[in-house]
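The values are calculated or read from the model by the stated rules, or taken from the named source; none is laboratory data. These numbers were taken from a predicted model, which means no experiment stands behind them. Quick reminder, even Gly has a Cβ in these numbers, built from the backbone with ideal geometry, and neighbours come from all protein chains shown.
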DNA sequence: GAACGAAGTTCGGTAAAATGAACGATGGGA
DNA sequence: TCCCATCGTTCATTTTACCGAACTTCGTTC
């Protein structure tokens, strides 16, 4: 896979995922339409600055443009889960998720305020999302399978279907781990 | 951090790590020495093909050139970190750590009480520990480089040296992500 | 049906990235 | 000491990525 084809597809994928037109993205990124058009066509050979502008306009991390791209959910409430053996009673650990080979896990801190729902378009096939609520209350999950989580709860669900995030308390802080095929 | 400076450092870091001279890398990658020289100097604005050639010549995955990858410790306080742009002001996300290929990340929830220090023996070479404080205050890190963290803080450090965990508040809840070579 | 706006695709001009040769600096080896 | 290989940098030239405007489609509206 040539890197240009990779990026061409990534740009197109992320753009459509974001629901933006080519013209709109070009304007947002401060690029010429023609530039974007050629990039998505797999022609051209974009520079770093160009890619940076695109990633910014799309609201995605820079590295997303280079990604090649069990449908079960797991919910572990505070106090649930099997503890990992520890010598000290003042130190209890619970394994929430072990990492299968051939996967990558990107870690995000996400702050949410009450009143708006963030709908996320499906991520690439095989993506999992691990959500840990640090503070506040949130409602997250696949659109028809959302869970209400309190501080300390852990929830895992598939990210390759439409899903949503919503703060139920005034503010909420969650750790989001995007788990995708390597 | 401008992406060009990021890449400039990444190229230099990976090249020296590989023990290659600038000239040798240029020849191997099929680029002009001058091109590489300027790139490492933080001038220039490389194209994808140029970066691809460099990554290939270095024998590293393409994405390595975009990593913040200081294998040392990284501390991101609440409110710090470069946010991922979002259309919604009520939803802010920060990328704390992207996942390099060939690594596994196990996720733990850890509860700590005040009064005892947990000393951890070194883990296998190459292990990283990601610590996110959900509640309370903790002191963690390599024994001579501990950091005091408040709720919401994120801290990453190498786990292949002796390190310790200690709760500074009555209770503390942290998410621990053990990041080890696959 | 004509008129309009927004979609994405070509096409010359220009700023700039990549080249290749020349440069001074450094370090062995004969 | 001299020679010469190799290091990384600098500079004129060539190549090309990006821009802006013109163009083609495709829906929508009057």
Given (1) assigned to a strand (DSSP E or B); (2) within 11 Å of another protein chain (Cβ to nearest Cβ), residue B:151 misses just (1)
Taking the condition over 23 Å from the mean Cα position of the chain (by Cα) and surrounded by 20 or more Cβ atoms within 10 Å (Cβ to Cβ), does residue B:25 pass? yes
Considering only residues that are within 8 Å of DNA strand D (Cβ to nearest atom) and part of a helix (DSSP H, G or I), look in the range B:36-55 and name the one that is nearest to the chain's Cα centre (by Cα). B:40
Would you confirm, using the coordinates I've provided, whether residue B:65 is part of a helix (DSSP H, G or I), under 30 Å from residue A:59 (Cβ atoms), within 14 Å of another protein chain (Cβ to nearest Cβ) and at pLDDT 55 or above? yes
Take the residues in the range A:29-48 that are within 10 Å of chain B (Cβ to nearest Cβ) and more than 7 Å from DNA strand C (Cβ to nearest atom), then tell me which one is farthest from residue A:62 (Cα to Cα). A:44
Residue satisfying all of: in the range B:9-22; surrounded by 15 or more Cβ atoms within 10 Å (Cβ to Cβ) and within 14 Å of DNA strand C (Cβ to nearest atom); farthest from residue A:52 (Cα to Cα) among these: B:22
Please tell me if residue B:124 is at pLDDT below 75, touching a helix residue (DSSP H, G or I) at 6+ places or on another chain (Cβ under 8 Å), surrounded by fewer than 18 Cβ atoms within 10 Å (Cβ to Cβ) and more than 30 Å from residue A:117 (Cα to Cα). no
Here the residues within the range A:29-55 that are more than 17 Å from residue B:46 (Cα to Cα) and either touching a strand residue (DSSP E or B) at 6+ places or on another chain (Cβ under 9 Å) or surrounded by fewer than 17 Cβ atoms within 10 Å (Cβ to Cβ) (or both) are A:30, A:32, A:33, A:34, A:37, A:38, A:41, A:42
Answer yes if at least one residue in the range B:167-181 is within 14 Å of chain A (Cβ to nearest Cβ) and at positive phi, and no otherwise. no
